[in-house]
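> One structure coming up, written as structure tokens, with questions to follow.
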Protein chains: 2
Amino acid sequence: MTTETNKIPYKIYLEEHEMPKQWYNVRADMKNKPAPLANPGTGEPMTAEELEAVFCKELVKQELDDTTPYIDIPQEIQDFYKMYRPSPLVRAYCLEEKLQTPAKIYYKFEGNNTSGSHKLNSAIAQAYYAKEQGLKGVTTETGAGQWGTALSMACSYFGLDCNVYMVKVSYEQKPFRREVMRTYGAKVTPSPSETTAIGRKILEEHPGTTGSLGCAISEAVEAATSQEGYRYVLGSVLSQVLLHQSVVGLETKTALDKYNIKPDIIIGCAGGGSNLGGLISPFMGEKLRGENDYQFIAVEPASCPSLTRGKYAYDFCDTGKVCPLQKMYTLGSGFIPSPNHAGGLRYHGMSGIVSQLYADGLMEARAVEQTEVFAAAVEFARVEGILPAPESSHAIKVAIDEAKKCKETGEEKTIVFGLTGTGYFDMYAYESFNNGTMTDYIPTDADLAAGFASLPKIEK
Amino acid sequence: MTTETNKIPYKIYLEEHEMPKQWYNVRADMKNKPAPLANPGTGEPMTAEELEAVFCKELVKQELDDTTPYIDIPQEIQDFYKMYRPSPLVRAYCLEEKLQTPAKIYYKFEGNNTSGSHKLNSAIAQAYYAKEQGLKGVTTETGAGQWGTALSMACSYFGLDCNVYMVKVSYEQKPFRREVMRTYGAKVTPSPSETTAIGRKILEEHPGTTGSLGCAISEAVEAATSQEGYRYVLGSVLSQVLLHQSVVGLETKTALDKYNIKPDIIIGCAGGGSNLGGLISPFMGEKLRGENDYQFIAVEPASCPSLTRGKYAYDFCDTGKVCPLQKMYTLGSGFIPSPNHAGGLRYHGMSGIVSQLYADGLMEARAVEQTEVFAAAVEFARVEGILPAPESSHAIKVAIDEAKKCKETGEEKTIVFGLTGTGYFDMYAYESFNNGTMTDYIPTDADLAAGFASLPKIEK
């Protein structure tokens, strides 16, 4: 399918002037728009005014805009992007050789910045709009810390306060990311904490708790709404985040176009959907407009299978149930992934955009188990040199599967996948894999039923 | 001095075809050659045959060759370089703005590979020549683990055994790099160990010891020389390593030349001298040939000041005294840096090439204290986005000092420094800085005298 020359370099870098100057809003080309965010009390669509109590004004505008296809990237954000972007589109020559596949494999590598992932693409945008609005700072939650790290870098750049509620068990057991955040000037609070009403309540009810992401979200939202000059920001799931992450897909498309390469399959790992949505957006736009066809594959952990085993329904975005409801593929906000699950991709739901595209049959989803994911990660690391994040390795696993199929069939497919980040802060997980003590977990139907029982009763 | 346009991008990347195809051997242009390695027993120059018992044949040839200016980079190494090189030459626009300096600051960033540093440039070359020689594997030592990580990646690529003796205290307290090495298939042994005679002897004499780099070197050398098909490899100090690291300087020079930029000051951190030597080599060549003049500054920790306070003398390269003697600036192999010293650059001596250049007045050296180094690191991280390794931050500190001088004088100097790596595995050091508990240490004259007392009696 591809008409390529022999001259494809190992890494395709764009020139500065080729970098995107606008984000692409895939919703503008979707016939079936994602369902609107809903008020958790009434089930009615959230108004801009309601959302602005929690989120920055300009970001609310972006969240609600499902018709404008291209949105200008402010110059200040473009300048910041130039510090760590464009990210390379890498031709995986060594992996192809190892697999002895006729497939051509490319990956867009987003790990070459201190946050270690694609998260910085949206963090800098959200910090910028907070600064523009004249805010003092922002609040957020973080689990393992990728998002918190990215946000602390962005806030440091714009001189904003950055208050991060970090799940207590991560705060204590994973001090490295905590210290990266502190190095960037962020205030990192182990959650639950005494600094919020909800935190105090939880500590009273569960004195020994090590915290949860849901609790940290609730504390971060309370901290934002109870202080003058603060707003809450979120690193995935929201449509605004996918908009900012479209920079990944746009760069990928420009790089491929430079060498006249047309991908057949585009693969991304899927937790909340921000990396996947950003990577596929411009290609999906072509598919939606009938200009080109591509096969899209979302890869999720078998232990947290929102697309492959979840329900498409309105659900709470947080376990504290303070955020707006979103219609999405979800396991229920009460679903808790097995503690043996390493790495991220633990979110119970999925971006509304990705959910709608999946519901409309425009993309596929696969669930994979973590030991096979780590085996793929190690195979990749040894030939391509990059130590991948566990999250990113979900995409590697399926890319390798597809390349092996090509070997069987002899098809010379072009496969592109998103390598979202590096695994430097995930060495405990690698250690358990190296030692052979890592296990798999697939939730039973009863586990899923317990999660679904937490879905709100309001259905639209 | 610089005639630059307004069009310098944030990051200058070379095209694949612009990457170096030969290493540059600065010794060829040195009037005063580095003194030859000497036999620790006789003081006589080591012969190729003697060296080949420990090191790979082709590497011995490179070690002894002080006349050939350019040495071809084998195609297999060039191909590997293409996976993670060229590294970007970054214009530090944000740092310049923060400092309000008229200076133009550039840094060559070597941290964007899984080893997290420039070490991979020589590791892949050494692994290649070991493979070419038909060896089964190589042995080495590692402290914090940068070199071991790089070597394990290189050996994995060529299918070589990689046996790393890791200082026991690091093995136990810094498990992350250990696991990166294991992920790449290396066998990592805490040193001292029961696997060697010297290890058993040390364990018997000092049962509770947590090890030292000197002991790990001795074990690695013993393991190489006592097994069929193995050789010992080293990540710094040796002339062959500086030869391989010249790829850093050559890329830097090509990138600057593309934009017609002539640096005034070139700065590198100096432990064993491999990064510094590699970065400055092609520029130093021009200076040696009288074609151009540059100011070169080596930056070392005040706690381990081999250039600024050491003696220029023949010394042991290892505390186990099994390696050849080298004439170098040294604190004596018995010198032990204060335990409060974070990060690398703990080596008692200095590359023979760098030592001779320094002795001949061709470059300067400065010693800096670690709290001011970390302050510079944090300042840099917050505006330039990259979390630097403590080692690299020594160069940052002096680059900032020089840029501030330019602010005072109004001079628009062009400053280039080497940013050798990232600090992801150094977060305990950052934590102590963030908490205000980091301290400085400058050895007393008595401390130095104790180190000098360990110098060998054989002087040439």
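The values are calculated or read from the model by the stated rules, or taken from the named source; none is laboratory data. Keep in mind that this is a model prediction, so the values were computed, not measured. Don't worry about glycine lacking a Cβ; one is built from the backbone with ideal geometry, like all the others, and counts go over all protein chains shown. The accessibility values were calculated without ligands, DNA or RNA, using every heavy atom of the protein model including side chains. Shrake-Rupley method; radii C 1.70, N 1.55, O 1.52, S 1.80 Å.
> Tell me, what is the Rg over Rh of the protein assembly as shown, with Rh the Kirkwood radius over Cα pairs?
Here the Rg-to-Rh quotient is 0.97.
> Next up: Summarise the long-distance tail of P(r) for chain A by giving the % of C-alpha pairs beyond 41 Å.
Cα-Cα pairs in chain A separated by more than 41 Å: 11 percent.
> Determine the relative contact order of region A:154-208: mean sequence separation of Cα pairs under 8 Å and six or more apart, normalised by residue count, in whole percent.
Details: 48 pairs, mean separation 18.4, N = 55.
Result for region A:154-208 is 34 percent.
> Another question, if that's okay. Please give the FRET efficiency for B:Lys98 paired with B:Asp72, using the beta carbon to beta carbon distance and R0 = 35 Å, rounded to the nearest 0.05.
0.25
> What shape does region A:63-193 have by the C-alpha gyration tensor, where a ≥ b ≥ c are the square roots of the eigenvalues, rounded means a/c under 1.5, and otherwise prolate means a/b greater than b/c and oblate the rest?
oblate
> Before I look further, what does region B:1-130 give for accessible area per residue, probe 1.4 Å, in whole square angstrom?
I get 39 Å² per residue for region B:1-130.
> Let me ask another. Considering only protein heavy atoms, what is the solvent-accessible area of A:Phe433 at a probe of 1.4 Å, reported in Å² to the nearest 10?
About 50 Å², rounded to the nearest 10.
> State the percentage of accessible surface on the protein assembly as shown attributable to carbon and sulfur atoms; use a 1.4 Å probe and exclude ligands, DNA and RNA.
Of the solvent-accessible surface of the protein assembly as shown, carbon and sulfur hold 50 percent.
> To continue, here is another question. Looking at the P(r) of region A:1-87, how many percent of alpha-carbon pairs lie beyond 23 Å?
Here the tail beyond 23 Å accounts for 49 percent of pairs.
> Take peptide A:73-83, look around each residue's Cβ out to 10 angstrom, count Cβ atoms belonging to other protein chains, and average those counts.
Average per residue, whole number: 2.
> Hey, what number do you get for the protein assembly as shown at 222 nm if only DSSP H runs of n ≥ 4 count, each worth -39500 (n - 2.57), divided across all residues, to the nearest 500?
Values: 36 runs with 382 residues, N = 920.
-12500 deg cm²/dmol, from helical runs alone.
> Cα gyration tensor of region A:286-404, axes a ≥ b ≥ c as square roots of the eigenvalues: rounded (a/c below 1.5), prolate (a/b > b/c) or oblate?
oblate
> Return, for the Cα atoms of region A:239-351, the radius of gyration and Dmax in Å, separated by a comma.
Considering region A:239-351 through its Cα atoms, Rg and Dmax are 15.6, 48 Å.
> Tabulate in residue order the Karplus-calculated ³J(HN,Hα) for region A:227-235, using 6.51 cos²θ - 1.76 cosθ + 1.60 with θ = phi - 60°, rounded to whole Hz; enter x for Gly and Pro.
So the Karplus estimates, Gly and Pro as x, are 10, 5, x, 10, 9, 9, 10, 9, x Hz.
> With θ set to phi - 60° and the Karplus curve 6.51 cos²θ - 1.76 cosθ + 1.60, what are the ³J(HN,Hα) couplings of region A:180-187 in order, to the nearest whole Hz, using x for Gly and Pro?
Once rounded to whole Hz, the list reads 4, 4, 5, 4, 8, x, 6, 8.
> Every cysteine in chain B with no other Cys Cβ under 4.7 Å from its Cβ, please list them in numeric order.
Taking the Cβ cut-off of 4.7 Å, the unpaired cysteines of chain B are B:Cys56, B:Cys94, B:Cys215, B:Cys269, B:Cys304, B:Cys406.
> Same structure, new question: Please tell me the relative contact order of chain B in percent, rounded to the nearest whole number, where contacts are Cα pairs under 8 Å and at least six residues apart.
20
> Report, by chain and number, residues whose modeled amide H sits under 5 Å from the one on A:Cys269, excluding near sequence neighbours (fewer than 5 apart, same chain).
A:Val299, A:Ala395, A:Gly418
> Exactly which trypsin sites (Lys or Arg not before Pro) in region A:125-171 are in a DSSP loop and have at most 14 other Cβ atoms within 10 Å?
Qualifying residues, ordered by number: A:Lys136.
> Moving to a separate point now. Quick one: dipole size for region A:1-84, taken about the Cα centre, charges +1 on Lys/Arg Cβ and -1 on Asp/Glu Cβ, in debye to the nearest 20.
Using only the charged Cβ atoms, the result is roughly 400 debye.
> Sequence-distant or interchain residues sharing an amide H contact under 5 Å with B:Asp315, placed H: which?
For B:Asp315, the qualifying residues are B:Gln326, B:Lys327, B:Met328.
> With N set to the residue count of region B:349-407, report its C-alpha Rg divided by 2.2 N^0.38 Å to two decimal places.
1.31
> Further question: Write down the radius of gyration of region A:267-308 and its Dmax, each obtained from C-alpha positions, in Å.
Calculated on Cα positions, Rg and Dmax stand at 11.4, 36 Å.
> Distances longer than 15 Å among the Cα atoms of region A:183-271: what percent of all pairs is that?
For region A:183-271, the share of Cα pairs beyond 15 Å comes to 72 percent.
> To continue, here is another question. Charges at C-beta only: +1 for Lys and Arg, -1 for Asp and Glu. How large is the resulting dipole of chain B about its Cα centre, in Debye rounded to 20?
It works out to roughly 300 debye.
> Keeping every protein chain in place, order A:Asp257, A:Asp315 by accessible area at 1.4 Å, biggest value first, i.e. largest first.
These residues rank, largest area first, as A:Asp257, A:Asp315.
> Using 7 Å Cα-to-Cβ label points, what is the A:Thr47/B:Thr439 separation (nm, one decimal)?
Modelled inter-label distance: 6.3 nm.
> Okay, moving on. Compute for region B:401-455: radius of gyration divided by Kirkwood radius, i.e. Rg/Rh, restricted to C-alpha atoms, rounded to two decimals.
1.16
> What is the set of long-range amide H partners of A:Lys262 at a cut-off below 5 Å, with H atoms built 1.01 Å from backbone N?
A:Thr3
> Looking at B:Asn163, B:Thr210, B:Val416, which one has the Cα that reaches farthest to the positive end of the dipole of chain B (charges on Cβ: Lys, Arg +1; Asp, Glu -1)?
Value: B:Val416.
> In peptide A:150-160, what is the residue-averaged number of other protein chain Cβ atoms found within 10 Å of each Cβ? List each step's numbers first, then the result.
On the way: counts 0, 0, 1, 5, 1, 1, 5, 5, 0, 1, 0.
Mean number of neighbouring Cβ atoms from other chains: 2.
> Take every DSSP beta bridge with both residues inside chain A and express the antiparallel ones as a percent of the total, to the nearest 5.
DSSP beta bridges in chain A are roughly 35 percent antiparallel.
> Determine ³J(HN,Hα), in whole Hz, for all residues of region A:144-153 in sequence, where each value follows from phi through the Karplus function 6.51 cos²θ - 1.76 cosθ + 1.60 and θ = phi - 60°; x replaces Gly and Pro.
Listing the rounded values in order: 5, x, 4, 5, x, 4, 4, 5, 5, 5 Hz.
> How would you order A:351-358, B:327-334 from highest to lowest mean count of nearby Cβ atoms within 10 Å?
Most protected by this proxy first, the peptides run A:351-358, B:327-334.
> Another question about this same structure. Using only the alpha carbons of region B:66-139, what is the convex hull's orientation-averaged projected area in square nanometres?
8.0
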